[in-house]
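Visitor: First, the structure itself, so that you have it in front of you.
The values are calculated or read from the model by the stated rules, or taken from the named source; none is laboratory data. All figures in this text were calculated on a predicted structure; none of them were measured in a lab. Quick reminder, even Gly has a Cβ in these numbers, built from the backbone with ideal geometry, and neighbours come from all protein chains shown. The accessibility values were calculated without ligands, DNA or RNA, using every heavy atom of the protein model including side chains. Shrake-Rupley method; radii C 1.70, N 1.55, O 1.52, S 1.80 Å.
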Amino acid sequence: METGVTVVGSGQVSAAPDVLRVSLSVEHVAADVAAAVAQVAERTDAVIAALREQGVAASDIGTTTVNVYQEYREPGTAAAFRGSHQLTVTTKDLTGFGKLLNAAVDAAGNTLGLQSLQFDVQEKSALLTRARELAFRQAQEKGAELAALAGYSLGSVTAIAETYSHAPIREVAMAGAAKAFDAASINITPGDHSVEVSLEVHFSWA
């Protein structure tokens with residue numbers, strides 16, 4: 001039977017975000033599938049073109065999901081099909097959200113939906129390294145404390161398991177008709193972005 005002590009240490013590090021991801025959708029309801037798909041495709045192309053005119057690179061605009069399905073209607077009413085195309089737009093211009101949204105609204109009108117926006121840190125390697133250091137230090141302190149309470153001295157590390165999580169900042173869901181959007185009145189604040197690492201460390205007795 002393995003002897004020693006197993007402890008969990010956690011480390012959290014925060015930094016200012018440097019990238020903004022916006023999720024936009026285009027939807028259209030039509031009497032048949034072909035018409036729904038065609039209208040969604042046309043308006044999605046218009047949104048992409050409008051975003052490109054605002055300086056967003058083609059590589060920073062990507063499809064997230066595409067859906068076409070028949071809507072539920074009361075018996076006896078005409079069939080209807082809803083098509084949708086969701087895009088994720090990535091930009092490092094953290095203050096340019098308003099102009100991007102306005103451009104997309106102008107291109108798609110009331111078929112546009114704003115699903116979410118999310119601030120993030122693009123390169124997390126340095127944050128993760130520092131969080132690991134803090135987590136291991138806490139694990140060592142816990143292990144030494146428990147060893148002393150048990151009348152032992154802390155030995156070497158025999159096993160480590162890591163879990164990692166990060167907290168994207170200011171993710172919000174807002175969907176509705178374009179006429180409900182007023183980009184100037186949507187106050188978005190980047191705040192800080194945090195990453196957290198937890199280490200499960202097993203120490204043997206010295």
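Visitor: Do you know which of the residues in region 176-190 that are surrounded by 13 or more Cβ atoms within 10 Å (Cβ to Cβ) and in a loop (DSSP other than H, G, I, E, B) is modelled with the lowest pLDDT? If you could, list the steps in order and put the result at the bottom.
Guide: Let us first name the residues in region 176-190 that are surrounded by 13 or more Cβ atoms within 10 Å (Cβ to Cβ), namely 178, 181, 183, 186, 188, 190.
Okay, now just the ones that are also in a loop (DSSP other than H, G, I, E, B), so 181, 186, 188, 190.
On the way: Phe181: 48, Ile186: 65, Ile188: 76, Pro190: 81.
Among those that are surrounded by 13 or more Cβ atoms within 10 Å (Cβ to Cβ) and in a loop (DSSP other than H, G, I, E, B), it is Phe181.
Visitor: Among strands (runs of 3 or more DSSP E) lying entirely in region 12-105, which contain 2 or more residues that are surrounded by fewer than 14 Cβ atoms within 10 Å (Cβ to Cβ)?
Guide: 61-70
Visitor: Tally the residues that are part of a helix (DSSP H, G or I), under 16 Å from His193 (Cα atoms) and open to solvent by 70 Å² or more (accessible area, probe 1.4 Å), restricting the search to region 106-128. Reasoning before the result, please.
Guide: Filtering region 106-128 for residues part of a helix (DSSP H, G or I) gives 106-111, 125-128.
Checking the rest, the ones that are also under 16 Å from His193 (Cα atoms) come to 125-128.
When the remaining residues are screened for being open to solvent by 70 Å² or more (accessible area, probe 1.4 Å), the result is 126.
Residues in region 106-128 being part of a helix (DSSP H, G or I), under 16 Å from His193 (Cα atoms) and open to solvent by 70 Å² or more (accessible area, probe 1.4 Å): 1 in total.
Visitor: If the Cβ limit is 6 Å and pairs must be 6+ apart or interchain, which residue in region 2-24 that is touching a residue at least 24 places away in the same chain (Cβ under 8 Å) pairs with which residue that is exposed (fewer than 15 other Cβ atoms within 10 Å of the Cβ) and polar (S, T, N, Q)?
Guide: Pairs found: Asp18/Gln122; Val19/Gln122.
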